[in-house]
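What follows is one structure encoded as structure tokens, with my remarks underneath.
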Amino acid sequence: MSSQDYDCIVIGAGVQGSFTAYNLAKNNKKTLLLEQFVLPHSRGSSHGQTRIIRKAYDEDYYTHMMEECYQLWSQLEKEANVKLYRRTGLLVMGPEQGDYQVFKSTLERNKVPIVILPREEFSQHIPHVNLSQGNAALVDTTAGVLYADRTLKTVQGQFQKLGGVIKDGQKVIDITPGSVVTVTTVSGVYRAKRLVITAGPWANTLLSHTGLQLPLQVIKINVCYWSEKIPGSYNVQHRFPCFIQLESEEAKHHIYGLPSNEYPGLMKICYHTGPETDPDERDRQTDRGDIDILQRYITRCFPGLVPIPAVVESCMYTVTPDDHFILDHHPTHSNIVIGAGFSGHGFKFGPIVGKLLCELSQGEVPSYDLSPFRIRRFQAHSKSAL
């Protein structure tokens, strides 16, 4: 058993943990990043080739945070000399009177460049898509695609260049809080003045060692890829955008998609929810209700796709009751900081979440108002595990 001392330990090397560790190392903190699986892996919520980046949101504070976030993504690209983002635009569709109006108002209020697509002009701008009856459409022109796997490799590489230590294949089996926190893994014991927990679907498993349980639900997402009938119809090269369908006759949750890119001739379209799952038994969850919804939607709205998924991969979301993140100190151990419950929309915020969790762990005043992300909003839900 090896034993080492650090300024800070971060548990979980997904996008949020990796950016947190990178920020700590940039601040000259001796930092250890622990990961239970051997890297890279596809067992959590940060794997896969692409994610959407967007300013289109229903809450002003997310749109505000994305302003700086775009700058931080661009900074990392320059620093590492790697392309992590491709601008494609994001097509937002939804019933005129529903969430669509809220998204539109947030974008307009925050002066985000958008293009409204009148129904009569829709098909000349967006071929091979049927806009649902009663739906309106706009494009967030600043949006695009993030290269997810490449991001993780890049940010972890930059962290190591700054002297950071990554130990993968080290599942945490115990956490002992105190003025110095002790973290025990299957093969070592590590100590630090500060701990950050960014463990995705395993957050509550780890928090149980610290006497806390948060109202987090882990769900499995079927990540579906659909074949183009005519290759290139929905291709990123042909300037086809990402899209989000806010509500539809098939479903109350969002449906979202990215242009064909990672798998030539296949477009990624997914349903933004799924059945509850145990993160250690993810592949035992075989519910395909979301795929039925997607097949009906694609048949109706994306006539250029074969409405049977060609490839189905798995991902997990860790969801809070209000779909907003948790970024906060542990209620009883102030030197333990928690980043959790990213609810399927956290990847794009990685650089800013990393900065904020670093600020919290160092006792600095956070750059943004974190009241929407505090644990106390769940007072009735979060309970002591002791």
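Just a few scattered comments:
- Sites Y61 and T299 - FRET efficiency at Förster radius 51 Å, r taken between beta-carbons, to 0.05: 0.85
- Label point at Q160 placed 7 Å out along Cα→Cβ; residues across region 29-50 whose backbone nitrogen lies under 15 Å: 32-35, 38-41
- Shape call, region 45-116: gyration tensor on alpha carbons, a/c limit 1.5: prolate
- If R0 is taken as 41 Å, the Cβ-Cβ distance between N28 and D168 corresponds to a FRET efficiency of 0.95.
- Accessible surface of the chain [probe 1.4 Å, protein heavy atoms]: carbon and sulfur percent: 49 percent
- Note on region 52-130 and region 210-259: Cα centroid distance 15 Å, given to the nearest whole angstrom.
- Cut-off 19 Å, label 7 Å out along Cα→Cβ of Y263, residues of region 10-47 by amide N: 41-47
- Extending 7 Å from Cα along the Cβ direction at V180 and again at K78 yields two label points whose distance is 4.1 nm.
- Note on region 87-138: Rg/Rh from Cα positions, Kirkwood definition for Rh, rounded to two decimals, is 0.95.
- DSSP assigns beta bridges within the chain; of those with both partners inside it, close to 70 percent run antiparallel.
- 19 Å Cα-Cα reach of K355 towards lysines, excluding residues that sit fewer than 8 places from it in its own chain: K26, K29, K30, K55, K78, K153, K161, K193
- Accessible surface of S105 - all protein chains present, 1.4 Å probe, nearest 10 Å²: 40 Å²
- Note: region 113-246, Cα convex hull, 216 Å³ per residue.
- On Cα atoms only, tilt of 15-26 relative to the major axis of the chain in degrees: 50 degrees
- Normalised size of region 274-386, defined as Cα radius of gyration per 2.2 N^0.38 Å with N residues, equals 1.41.
- The spread of Cα positions in the chain, taken along each principal axis and listed from longest to shortest, comes to 65, 43, 43 Å.
The values are calculated or read from the model by the stated rules, or taken from the named source; none is laboratory data. Nothing here was measured: the structure is a model prediction, and the numbers come from that model. Cβ coordinates were reconstructed from backbone atoms using ideal geometry, including for glycine residues, and neighbour counts include every protein chain displayed. Heavy atoms of the whole protein, side chains included, go into the accessibility calculation; ligands, DNA and RNA do not. Shrake-Rupley method; radii C 1.70, N 1.55, O 1.52, S 1.80 Å.
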